[in-house]
1. Checking the conditions here, which among A441, A469, A461 is hydrophobic (A, V, I, L, M, F, W, C), assigned to a helix (DSSP H, G or I) and at pLDDT 65 or above?
2. Check region 215-226 and report whether any residue there is within 42 Å of the chain's Cα centre (by Cα), surrounded by 14 or more Cβ atoms within 10 Å (Cβ to Cβ), in a strand (DSSP E or B) and modelled with pLDDT under 95.
3. Looking for something more than 28 Å from I118 (Cβ to Cβ) and of a type in the set (A, V, I, L, M) - is there at least one such residue anywhere in region 358-381?
4. Does L270 meet the test of being over 30 Å from E136 (Cβ atoms), outside any loop (DSSP other than H, G, I, E, B) and in contact (Cβ under 8 Å) with a residue 60 or more places away in the chain?
5. Please tell me if D341 is in a helix (DSSP H, G or I), under 21 Å from P10 (Cα atoms) and among the acidic types (D, E).
6. Can you name the residue in region 24-49 that is closer than 27 Å to P73 by Cα and outside any helix (DSSP H, G or I) and is also modelled with the lowest pLDDT among such residues?
7. Return yes when E197 is under 42 Å from the mean Cα position of the chain (by Cα) and either small (G, A, S) or at negative phi (or both) and no when it is not.
8. Do you know which of the residues in region 147-169 that are closer than 25 Å to V230 by Cβ and of a type in the set (S, T, Y) is modelled with the highest pLDDT?
Amino acid sequence: MKSAVETLNPTRVRLTVEVPFEELKDSLDAAYKKINQQVTVKGFRKGKIPARVIDQRFGRGAVLEEAVNDALPKFYTEAVNEADLNPLGQPEVDITELKDGETLNFTAEVDIRPAIEIPDYSGIEVVVDAIEVTDEDVEKSVEQLRERFASTSPVERAAQDGDVVTLDLEAKVEGEVLEDGVAEGVSYTIGSGELLEGIDEAVTGLEAGGEATFTSQLKGGSAEGKDAEVTVKVTAVTARELPELDDDFAQLASQFDTLEALKADSRERLANMKQYDQATQAQERVLEELLKLVDVPMPEKLLADEINTRKHNLEHHQLGQMGLDLAKYLEIQGKTEEEFDAETREAAVKGIKTQFILDELVNKEKLNVNQEELTEHLMRRAASSNMSPDQFAQAVVEGGQVPMLVGEVARGKALALVVESAKVTDTNGEIVDLDEDDEEAAETVAEVTDADAGAEQADAAEDKGEEKAGA
């Protein structure tokens, strides 16, 4: 076999391959054997039909077609390896010449991973938010905990902001009561904004047994988006009572004996959360700077496939689970289809560039992924998919997604290497000494490269888990 490579552009090549006919012998033998098992000829046992009879009865062309289809992948792979190419996606193959007994010639056009030169990245500088936990932050955290331990008790007075009321509702559109417009015994906290616009004003000031009518645009149901005349009746009013902020509350709501100890713990937890956010911010900003340093030719077919995949996953996984279509989603987001397409393309370009650059760094720095690192990443992915590690691992293996997870961890290690060499300061001008976490960096990389499309792997794993649960 002889092969030659023609570079069409920095991301696409054409392979020209010439195969002497004798190298098709194994595929020809396999073709005769396969046809032998599929056909019957009177006078011959199945599987024992001579080649000349097959040629006469079914045509030599059918045999050649079967043999070529069998042989092409092997010869294409040999040509790719011989040229030391990194193909992306499936090739476009064209048989240019097939002479029985003489030769098989074909061409194969395919996108390839572009050659990338990684420049010195040690001069990258970024600024991140300073870690500051204010007294207001602590008070808000404790107040949220206090809300969770609130109790309610019936009151015989007019409803006011913060009360929990029990309601019966009836919605009419153009004077007709909607089939799905009647609800009884609905519990609602006044001021929460969780029901219809205008309901807070309607029920405030009503006692149990009171009734009011108001007009509001329906948020869902058969008449979604239409103005409805809503009649609301208050059947019960209960007041929420918050526990006193004292040592007794600390003992009720936590393992601490005093309120001060609870607040100190809240401050520490908030600081840890902000430290995590700061590290993630540093990774994201360092990555942005790295992307600016490297010129990456973009394979157009790969980009088109990535854009389509991202759109598919958004529509069929994320929006489908929320009961939305793309048009409704864009309306909610206040975006045009053109703006959405532009944003999707930008995200796809960023994801592909990130993967190419970090993969090149992985090779350049000879970074490897050990079993412990892979297991830790798998467990985090499982937790984010609300699956057990065993369920998620099984789904990943069955879906052939293990290399994807390995790649995420390896790229995370590469990003951590770049962050480690960068100068990171906070908004106060202080140098930030990041305790680099390869696993956190892997998650940052996964979000960029997979944002919508890569979530397919987690979604597929979830789907597997649901199938097993329903079996």
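The values are calculated or read from the model by the stated rules, or taken from the named source; none is laboratory data. All of these numbers come straight from a predicted model, not from anything done at the bench. Cβ placement follows ideal geometry from the backbone for every residue including glycine, while neighbour counts extend to all protein chains displayed.
1. Values: A469 fails: at pLDDT 65 or above; A461 fails: at pLDDT 65 or above.
The unique qualifying residue is A441.
2. yes
3. Yes, some residue in region 358-381 is more than 28 Å from I118 (Cβ to Cβ) and of a type in the set (A, V, I, L, M).
4. Details: over 30 Å from E136 (Cβ atoms): no; outside any loop (DSSP other than H, G, I, E, B): yes; in contact (Cβ under 8 Å) with a residue 60 or more places away in the chain: yes.
Criteria not met by L270.
5. Details: in a helix (DSSP H, G or I): yes; under 21 Å from P10 (Cα atoms): no; among the acidic types (D, E): yes.
So D341 fails the test.
6. Residues of region 24-49 that are closer than 27 Å to P73 by Cα, as a first pass: 24-39, 47.
Checking the rest, the ones that are also outside any helix (DSSP H, G or I) come to 39, 47.
Values: V39: 81, G47: 76.
Of everything passing the filter in region 24-49, G47 is modelled with the lowest pLDDT.
7. Numbers: under 42 Å from the mean Cα position of the chain (by Cα): yes; either small (G, A, S) or at negative phi (or both): yes.
Criteria met by E197.
8. At the first step, the residues of region 147-169 found to be closer than 25 Å to V230 by Cβ are 152, 154-155, 157-169.
Remaining after also requiring of a type in the set (S, T, Y): 152, 166.
Details: T152: 89, T166: 96.
Here the residue is T166.
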